[in-house]
Amino acid sequence: MGDVTAAFARSGAFVYAFEPNPDAFAVLRKRFGAAGNVELHQQAVLDREGIARLYLHVDARSDPVGASSGSSILPFKGNVDRETYVDVEAVDLSSFLMQLGRPVEVLKIDVEGAECPIVHRLLDTGAIERVSIVLVEFHDRHIPELVPEYAALRERLDREGLAGRVLTDWH
């Protein structure tokens, strides 16, 4: 947990790390709370601001930290418990990038199935132009309900000539 943050921070980059899961955020705070080049945000990254329901992984009760990476705002994701959730603050990633006031070299997005609306908003608002490369983990292999949405986004990225800058399935 936080290994990508650690790798970028070690390289000298300034890292903005977002984590909505309270158990996972506690680990990040412990690892990076004193790091001068890491800014932690206990928020979900979405295509809108507000409060979002974060459904916890089915194993969250027995292993809250280990299972935290499977949490999702999607109640139909196969490995979440629809009855076990926390309400979390959400940040509109596009607005965050536009207000940042400086370019971003690398943007990593892995939000367990909520990637498509975020990337569409980055494209629609022009915030994508502030980012050199976007690494997006698509989850259509694990969430069949999202296959058409991910296919449409891949087509849009190809059509707009961004498939080389917005890398899907990079993990």
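Which is within 23 Å of Ala60 (Cβ to Cβ) and at pLDDT below 95, of Gly101, Gly78?
Numbers: Gly101 fails: within 23 Å of Ala60 (Cβ to Cβ).
Just one listed residue meets the conditions, Gly78.
Do the conditions hold for Arg48, that is, is it in contact with a helix residue (DSSP H, G or I) (Cβ under 9 Å, 6 or more places away or on another chain) and farther than 24 Å from Glu105 by Cβ?
Numbers: in contact with a helix residue (DSSP H, G or I) (Cβ under 9 Å, 6 or more places away or on another chain): yes; farther than 24 Å from Glu105 by Cβ: yes.
So Arg48 fits the description; yes.
Give me a count of the residues in the range 114-157 that are of a type outside the set (Val, Ile, Thr), surrounded by 14 or more Cβ atoms within 10 Å (Cβ to Cβ) and either in contact with a Phe, Trp or Tyr (Cβ under 9 Å, 6 or more places away or on another chain) or in a helix (DSSP H, G or I) (or both). If you could, list the steps in order and put the result at the bottom.
First pass over the range 114-157, keeping only residues of a type outside the set (Val, Ile, Thr): 114-117, 120-124, 126-127, 129-130, 132, 135, 137-142, 144-146, 148-157.
Pick out the ones that are also surrounded by 14 or more Cβ atoms within 10 Å (Cβ to Cβ) and you get 114-117, 120-123, 127, 130, 135, 137-140, 146, 149-150, 153-154, 156-157.
Narrowing further to those that are either in contact with a Phe, Trp or Tyr (Cβ under 9 Å, 6 or more places away or on another chain) or in a helix (DSSP H, G or I) (or both): 115-117, 120-123, 127, 130, 135, 137-140, 146, 149-150, 153-154, 156-157.
So the count comes out to 21.
Could you list all residues from the range 1-28 that are under 13 Å from the mean Cα position of the chain (by Cα), farther than 20 Å from Asp87 by Cβ and among the charged types (D, E, K, R)?
Restricting attention to the range 1-28, the residues satisfying the condition of being under 13 Å from the mean Cα position of the chain (by Cα) are 2, 4-5, 16-21.
From what is left, the residues that are farther than 20 Å from Asp87 by Cβ are 2, 4-5, 16-17.
Matches in the range 1-28: none.
I'm trying to understand the selection: among the residues of the range 42-65, which are part of a loop (DSSP other than H, G, I, E, B) and of a type in the set (Gly, Ala, Ser)?
First, the residues of the range 42-65 that are part of a loop (DSSP other than H, G, I, E, B): 42-43, 47-49, 58-65.
Of everything in the range 42-65, those that are part of a loop (DSSP other than H, G, I, E, B) and of a type in the set (Gly, Ala, Ser) turn out to be Ala60, Ser62.
For the range 59-93, how many residues are surrounded by 18 or more Cβ atoms within 10 Å (Cβ to Cβ), of a type in the set (Val, Ile, Thr) and under 14 Å from Phe25 (Cα atoms)?
Selection size over the range 59-93: 1.
Here is a list: Glu129, Glu145, Glu149, Glu105. Which entry is touching a residue at least 12 places away in the same chain (Cβ under 8 Å) and closer than 30 Å to Ala13 by Cα?
Sole residue among the options that is touching a residue at least 12 places away in the same chain (Cβ under 8 Å) and closer than 30 Å to Ala13 by Cα: Glu105.
The values are calculated or read from the model by the stated rules, or taken from the named source; none is laboratory data. None of the values given here were measured: they were computed from a predicted structure. Using ideal geometry, Cβ is built from the backbone for each residue, glycine included, and neighbour counts are taken over all protein chains shown.
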